[in-house]
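Asker: Below are the structure tokens for one structure; questions will follow.
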Amino acid sequence: MDFQAIATAPADWTGDGLVLGFFEEDFAEAGTLPEQLTALDGKLDGAIADLLTEAKFAGKANSGASTRVGRNTPVKKLILVGLGKSEKAKSESIRQAAAKAGKLAKSEKCSTLGVALPTVGDAGQTVQAIVEGMSLALYKDERFKSKSDDDKDEDNAEYPATVSLLEADGQADAIAKAEQILSGVVLARKLVAAPPNELSPQTLADTAKDIADSHGLELTVLEQDECEKRGMGAFLGVAKASATDAPPKFIHLTYKPEGTAKKKIAIVGKGVTFDSGGLNLKGPGSGIETMKMDMGGAAATLGAAKALAQLKPDVELHFISAATENMISGHALHPGDILTASNGKTIEVNNTDAEGRLTLADALVYADALGVDAIVDLATLTGACLIALGNDIAGYWSIDDDLAADLKTASESSGEKIWQMPLEQKYFEGIKSPIADMKNTGPRPAGSITAALFLKEFVKDTEAWAHIDIAGPAWTSKEGPYTPAGASGYGVRLLVDWVTAS
């Protein structure tokens, strides 16, 4: 799709499909025509009034309707979308309405589309949200199909091909910003969706190299021998069972602004490219076939790196992932083994399926040593968080109230939902070990909290740290307004909004 911001008003635009957005209060009652649309309705042979009546359209959130207009009118199809109540409207309302409009435009085969949605926030935010919502809703990953679904259409055309954002002259920068962010979200979706025979730790390292080469970032990839020298026993304990053609890779991308950096931030993503559970093998009904998504944190980290490298914030950024598989073999980690992490802490492994926190332990020690102002880690870490918050909301824990508040603000602007959970130190008793400093899992109650407490043990000097458990939203079984079933690309927009506001 080609997006363009133009000054043309809806009444003067001509093309295949016209999208109009409404709040609930635009209607005195369902089916009534807002006064400001009377003139346009006349140009469209009364199509707006007819559609309002037939569809009982009243501007409710996530509602939409479409119809064909007369042959001698400026547009061929009319699409209406609702945004709910104006006092509750946010950028997310615009994203969802744009997603609805994009899907209706595709089904109506509108090649050229004009979009007029009410401004929420400011004009730039509204334009950005339209581009994000429509693009993400129409995104399709067909890399592994022998024939594209679009190839099955007789005309094999793109719908919509051109999208004109009406009365938005001067907002080209907002479109460009949205497309830069989208490039990171799409990358994250592709990484998470890729099958494990196509995506390995080496693939993540190669992806990091592509980002570094394309956008001028610095890249360090620590091989297994270097990780051994650094004492990364927790990370390498997980990696022991991997085949020789899938060795672990410790990835560190660095972005530095041209001028003086306002802050120095580390983003750490869990990078387990396939999680079999290890010798505590995942059983029937465990969703093992979806465990290619266990590197969703690394995908969000690399996606954010790609987006932020283009946006060029005046913040120094470090993107880190300890990438490995969690497999079974004669060399596999045993339940009962004791590992020593790179900060000297010892860990009794009582469940090899709690491997993500072991890889993150050494990654956090590494990030902590960089002297950063803040660390945020993202991980598909616990089923307990999924049970607590479901598929749509990530849980997060923080040792710093300001960081927690900033992440919440970023969540509200990006539309990627998070909910703060408690770091109840008393619960650490559940992961104490009689023979080591700690165990890698505790009792079933509060499993996501004890996991966060485990990670906290590997952050010593950084005053602001937050852990985000994305087990729910990284991979979804149901299609959302602009999220396909499967890989969502969750976390990229959240991280971008947090960093750029820092």
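Asker: All but one of (1) over 27 Å from T162 (Cβ atoms); (2) modelled with pLDDT under 85 hold for A39; state the number of the condition that does not hold.
Answerer: With respect to (1) over 27 Å from T162 (Cβ atoms); (2) modelled with pLDDT under 85, A39 is out only on (1).
Asker: While we're looking at this one, here's another question. Looking at the stretch 104-131 only, could you name the residues that are out of contact with any Leu (no Cβ under 7 Å at 6 or more places or on another chain) and either closer than 18 Å to D497 by Cβ or assigned to a helix (DSSP H, G or I) (or both)?
Answerer: Once the filter is applied, which keeps residues that are out of contact with any Leu (no Cβ under 7 Å at 6 or more places or on another chain) and either closer than 18 Å to D497 by Cβ or assigned to a helix (DSSP H, G or I) (or both), the stretch 104-131 yields L104, S107, V120, G121, D122, A123, G124, Q125, Q128, A129, V131.
Asker: What number of residues within the stretch 450-502 satisfy the criterion of being more than 14 Å from the chain's Cα centre (by Cα), crowded, with 24+ Cβ neighbours inside 10 Å and either assigned to a strand (DSSP E or B) or not assigned by TED's automatic domain parsing to the domain that holds A194 (or both)?
Answerer: Count: 2.
Asker: Evaluate the following for R143: is it free of Cβ contacts under 8 Å to residues at least 60 places away in the same chain and either of a type outside the set (A, V, I, L, M) or in a helix (DSSP H, G or I) (or both)?
Answerer: Values: free of Cβ contacts under 8 Å to residues at least 60 places away in the same chain: yes; either of a type outside the set (A, V, I, L, M) or in a helix (DSSP H, G or I) (or both): yes.
Yes; evaluated as a whole, the condition is true for this residue.
Asker: Which of the strands (runs of 3 or more DSSP E) found entirely inside the stretch 149-262 contain at least 2 residues meeting this: under 28 Å from Q128 (Cα atoms)?
Answerer: Ranges flagged: 162-165, 249-255.
Asker: Still on this structure: Please give the number of the condition A307 fails out of (1) in contact with a strand residue (DSSP E or B) (Cβ under 9 Å, 6 or more places away or on another chain); (2) of a type in the set (A, V, I, L, M); (3) closer than 26 Å to K417 by Cβ.
Answerer: A307 satisfies all of (1) in contact with a strand residue (DSSP E or B) (Cβ under 9 Å, 6 or more places away or on another chain); (2) of a type in the set (A, V, I, L, M); (3) closer than 26 Å to K417 by Cβ except (1).
Asker: Exactly one of (1) of a type in the set (K, R); (2) over 25 Å from the mean Cα position of the chain (by Cα); (3) surrounded by 22 or more Cβ atoms within 10 Å (Cβ to Cβ) is unmet by K229. Its number?
Answerer: (3)
Asker: In the stretch 491-502, which residues are touching a strand residue (DSSP E or B) at 6+ places or on another chain (Cβ under 8 Å) and within 10 Å of S414 (Cα to Cα)? Outline the logic, then answer.
Answerer: Going residue by residue through the stretch 491-502, those that are touching a strand residue (DSSP E or B) at 6+ places or on another chain (Cβ under 8 Å) are 491, 494-495, 498-499, 502.
The answer is G491, L494, L495, W498.
Asker: Which is under 22 Å from I181 (Cβ atoms), out of contact with any Phe, Trp or Tyr (no Cβ under 8 Å at 6 or more places or on another chain) and at pLDDT 95 or above, of G216, G233? Steps first, please.
Answerer: Numbers: G233 fails: under 22 Å from I181 (Cβ atoms).
Answer to the selection: G216.
Asker: Consider only pairs whose beta carbons are under 9 Å apart and that are at least six residues apart or on different chains; among these, list those whose first residue lies in the stretch 41-68 and is assigned by TED's automatic domain parsing to the domain that holds L117 and among the aromatic types (F, W, Y) and whose second residue is buried (at least 17 other Cβ atoms within 10 Å of the Cβ) and in a helix (DSSP H, G or I).
Answerer: F57/L51
Asker: What are the residues in the stretch 398-434 that are among the aliphatic types (A, V, I, L, M) and crowded, with 18+ Cβ neighbours inside 10 Å, if any?
Answerer: Taking the stretch 398-434 as the starting set, the residues that turn out to be among the aliphatic types (A, V, I, L, M) are 399, 403-405, 407, 410, 418, 421, 423, 431.
Those that are among the aliphatic types (A, V, I, L, M) and crowded, with 18+ Cβ neighbours inside 10 Å: L403, L407, A410, I418, M421, I431.
Asker: Of D353, D392, which residue is touching an Asp or Glu at 6+ places or on another chain (Cβ under 8 Å) and surrounded by fewer than 24 Cβ atoms within 10 Å (Cβ to Cβ)? Give the steps one after another, and end with the answer.
Answerer: Values: D392 fails: touching an Asp or Glu at 6+ places or on another chain (Cβ under 8 Å).
Being touching an Asp or Glu at 6+ places or on another chain (Cβ under 8 Å) and surrounded by fewer than 24 Cβ atoms within 10 Å (Cβ to Cβ) holds for just one of D353, D392, which is D353.
Asker: What's the total number of residues in the stretch 104-123 that are at positive phi and either within 27 Å of the chain's Cα centre (by Cα) or of a type in the set (G, A, S) (or both)? I'd like the intermediate steps shown before the answer.
Answerer: Start the filter on the stretch 104-123 by keeping residues that are at positive phi, which leaves 109, 121.
Still in the running and either within 27 Å of the chain's Cα centre (by Cα) or of a type in the set (G, A, S) (or both): 121.
Of the residues in the stretch 104-123, 1 are at positive phi and either within 27 Å of the chain's Cα centre (by Cα) or of a type in the set (G, A, S) (or both).
Asker: Being of a type in the set (V, I, T) and surrounded by fewer than 18 Cβ atoms within 10 Å (Cβ to Cβ) is the filter; apply it to the stretch 1-59 and report the residue that is farthest from P118 (Cα to Cα).
Answerer: At the first step, the residues of the stretch 1-59 found to be of a type in the set (V, I, T) are 6, 8, 14, 19, 32, 38, 48, 53.
Applying the additional criterion that residues be surrounded by fewer than 18 Cβ atoms within 10 Å (Cβ to Cβ) yields 6, 8, 14, 32, 38, 53.
Working: I6: 15, T8: 15, T14: 19, T32: 18, T38: 17, T53: 22 Å.
If we take residues in the stretch 1-59 being of a type in the set (V, I, T) and surrounded by fewer than 18 Cβ atoms within 10 Å (Cβ to Cβ), then T53 is farthest from P118 (Cα to Cα).
The values are calculated or read from the model by the stated rules, or taken from the named source; none is laboratory data. Quick caveat, the model's predicted, so the values are computed rather than measured. When we count neighbours, we look across all protein chains shown, and the Cβ atoms used for this are built from the backbone with ideal geometry, even at glycine.
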